[in-house]
Amino acid sequence: MRLIGLWSVDAPGVDDGVVLRLDPNELLVFGTCGVLFGQWQANVRGDFLASTDSSSGSCTPDVTTPPWLAAATGFGFDGAAAMLVDETDTPTARLQPGAVPSVPPNLDPSYADPSVVTDEDRRRFAADPSLPAGLTPAVTERLIGRWLPVGAPTSTAFVSFADNRSWTGSDGCNGIGGRWLIGSGGALLATSGPQTLIGCLNIAIADWLFAAALAGFDGEIMVLVGADGNETGRLQAG
């Protein structure tokens with residue numbers, strides 16, 4: 001996955017010196033006096049999704065995902081540069097490789113080093129699974145709303161997809177949330193933020209979403225499918 005690495009960010013309203021670090025399992029945005037932390041997802045079809053959920057530094061109390069990052073739903077390349085684009089294919093940011101961030105002293109200095117990519121990471125980002133036969137690819141409009149895990153009638157777990165690409169929910173005890181995106185052929189990308197860790201008979205809906213590469217429908221049932229082609233969970237409207 002060519003997106004993994006350190007990038008200088010060129011986007012409207014962004015100060016010089018801002019660096020985006022995309023690691024296999026997290027992202028960091030290094031600003032002029034603070035760092036944002038979050039998650040990102042991308043696939044070989046060119047879909048992209050990112051969110052930030054925590055920060056460190058003197059001037060970054062707001063963890064809202066930066067506009068140039070929040071608006072991005074896809075990516076491409078222009079020579080060595082990477083382009084983040086919105087749903088109309090309009091660029092939201094141009095990323096130049098080879099950036100060196102100024103890592104604050106309270107963070108691990110290795111954040112300035114090249115990302116470590118394992119064989120498992122390469123397989124995950126190279127995966128391009130298809131929906132199992134009999135499933136209808138999900139589209140954005142059909143996901144919007146509240147969904148409950150199938151086969152758990154006494155659980156209070158749920159997930160609710162909003163039309164602004166955010167999702168909220170509960171595993172039955174803990175509030176959860178993040179961002180989501182449906183691409184072509186039912187391709188699903190989802191991020192999730194921090195959550196409380198109250199113990200109960202939890203249903204790991206956030207894990208279902210994060211592990212899913214596709215979403216389809218078996219009649220009225222939403223089926224989440226991982227990059228390996230196996231189901232990660234089933235949801236019903238509720």
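Data table
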item: Within-14-Å neighbourhood charge of Val103 [Cβ basis; K, R +1; D, E -1]; result: -2
item: Point-charge dipole on Cβ atoms (K/R +1, D/E -1) for segment 93-238, about Cα centre, debye to 20; result: 340
item: Solution diffusion estimate, µm²/s, Stokes-Einstein, segment 118-215, Kirkwood Rh from C-alpha pairs, 37 °C, viscosity 0.692 mPa s; result: 226
item: Potential extension, Asp128-Thr140 segment - 0.36 nm per residue separation minus Cα distance; result: 2.4 nm
item: Computed helical MRE - 222 nm, the chain, DSSP H runs ≥ 4 contributing -39500 (n - 2.57), nearest 500; result: -2000 deg cm²/dmol
item: Amide H within-cut-off set for Leu188, under 5 Å, with H built and near neighbours excluded; result: Gly183, Leu214, Ala215
item: Segment 5-126 shape via C-alpha gyration tensor axes, a/c threshold 1.5; result: oblate
item: Under DSSP loop assignment and at most 15 Cβ neighbours within 10 Å, longest GluC sites (Glu not before Pro)-free interval of the chain; result: 88-219
item: Neighbour net charge for Leu28 - beta-carbon separation under 15 angstrom, K R +1, D E -1; result: -4
item: Per-residue HN-Hα couplings for segment 155-166 [Karplus 6.51, -1.76, 1.60; θ = phi - 60°; Hz; x = Gly/Pro]; result: 7, 9, 5, 6, 9, 10, 9, 9, 6, 9, 6, 9
item: Estimated inter-spin distance, Ala112 and Asp163, nm [label 7 Å along Cα→Cβ]; result: 4.8
item: Using θ = phi - 60° and Karplus 6.51 cos²θ - 1.76 cosθ + 1.60, couplings along segment 132-141 (whole Hz; Gly, Pro as x); result: x, 4, x, 9, 9, x, 6, 10, 3, 4
item: Most positive-pole-ward Cα, Gly183, Ala70, Gln41, against dipole of the chain from beta carbon charges; result: Gly183
item: Neighbour net charge for Ile4 - beta-carbon separation under 12 angstrom, K R +1, D E -1; result: +1
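No value in this document is a laboratory result; all are computed from the given coordinates. Just so we're clear, the structure is a prediction, and the values are computed from it rather than from any experiment. Please note: Cβ atoms are built from the backbone with ideal geometry, for glycine as well, and neighbour counts cover all protein chains shown.
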